[in-house]
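**Q** My questions will all concern the structure given below.
The values are calculated or read from the model by the stated rules, or taken from the named source; none is laboratory data. Keep in mind that what you see is a predicted model, and the values were worked out from it rather than measured. Positions of Cβ are backbone-derived with ideal geometry, glycine not excepted, and every protein chain shown enters the neighbour counts. Each accessible area value is taken on the protein alone, full model and side chains, heavy atoms only, with ligands, DNA and RNA left out. Shrake-Rupley method; radii C 1.70, N 1.55, O 1.52, S 1.80 Å.
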Amino acid sequence: MLFDNKELVEIAQVAKTYGLNGHVSIKFNSSFSEDLFDEEIPVFLLIDGIPVPFFVEDYKNSGGYVATKFRYIDGAEAAEKYVGCKVLVFADDVQDDEEYDEEMDLIGYKVFDAHHGYVGEIVDFNLIPGNPVFETDFNGKTIIIPYTEEIVVDINDDKQEVYINAPEGLIELYLE
């Protein structure tokens with residue numbers, strides 16, 4: 001969907017109202033989180049097929065949902081009319097889907113650290129905006145490793161192996 005010549009992507013949906021002060025509970029799609037919220041950059045609610053910009057005033061996690069207060073929406077009655085609306089952001093503000101697909105293709109790869117050797121097989125990717133991580137399973141223990149250029153040294157697709165140089169203490173944290 002285009003808005004002002006910029007593409008928008010759906011990240012969440014308004015699930016219900018929250019409290020009496022105009023907050024709504026937002027349920028994020030699995031690949032996104034409230035880390036995309038910025039008080040200076042609008043999110044868009046899809047109202048009758050039209051993306052309408054809103055600024056996030058405040059938000060907090062609330063049991064699987066994110067209780068969110070949009071600027072100028074005051075009271076539960078005012079918030080009620082936004083229940084069911086899709087929440088969109090500029091595509092430039094989220095990770096590229098093609099990149100996401102490439103990372104998901106790494107599930108099943110073996111991971112080797114420069115200091116510890118084999119540290120498991122990739123079982124999941126968590127694409128937290130600004131902080132993507134992958135999880136390995138090592139002898140029944142989960143090790144969470146940031147997916148950054150500083151840590152991931154090389155990926156060998158032929159051997160299905162990922163080579164990392166984890167910061168001191170990271171691997172030990174999960175093996176104790």
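**Q** Tell me whether region 26-37 contains one or more residues that are closer than 13 Å to F54 by Cβ, assigned to a strand (DSSP E or B) and either at pLDDT below 90 or open to solvent by 80 Å² or more (accessible area, probe 1.4 Å) (or both).
**A** No.
**Q** Can you tell me how many residues within region 33-87 are out of contact with any Pro (no Cβ under 6 Å at 6 or more places or on another chain), among the hydrophobic types (A, V, I, L, M, F, W, C) and in contact (Cβ under 8 Å) with a residue 40 or more places away in the chain?
**A** 14
**Q** Quick one: how many residues across region 59-83 are open to solvent by less than 30 Å² (accessible area, probe 1.4 Å), touching a strand residue (DSSP E or B) at 6+ places or on another chain (Cβ under 9 Å) and not in a helix (DSSP H, G or I)?
**A** Residues in region 59-83 being open to solvent by less than 30 Å² (accessible area, probe 1.4 Å), touching a strand residue (DSSP E or B) at 6+ places or on another chain (Cβ under 9 Å) and not in a helix (DSSP H, G or I): 6 in total.
**Q** Tell me which of these I50 doesn't satisfy, since it passes every other one: (1) open to solvent by 50 Å² or more (accessible area, probe 1.4 Å); (2) of a type in the set (A, V, I, L, M, F, W, C); (3) over 17 Å from L8 (Cα atoms).
**A** (3)
**Q** So which residues in region 118-141 are in contact (Cβ under 8 Å) with a residue 24 or more places away in the chain and either open to solvent by 70 Å² or more (accessible area, probe 1.4 Å) or not in a strand (DSSP E or B) (or both)?
**A** Listed by number, the residues that qualify are L127, I128, P129, G130, N131, P132, K141.
**Q** Same structure again: Here is a check on your reading of the model: is D154 out of contact with any helix residue (DSSP H, G or I) (no Cβ under 7 Å at 6 or more places or on another chain) and at pLDDT 90 or above?
**A** Working: out of contact with any helix residue (DSSP H, G or I) (no Cβ under 7 Å at 6 or more places or on another chain): yes; at pLDDT 90 or above: yes.
Against the criterion (out of contact with any helix residue (DSSP H, G or I) (no Cβ under 7 Å at 6 or more places or on another chain) and at pLDDT 90 or above), D154 qualifies.
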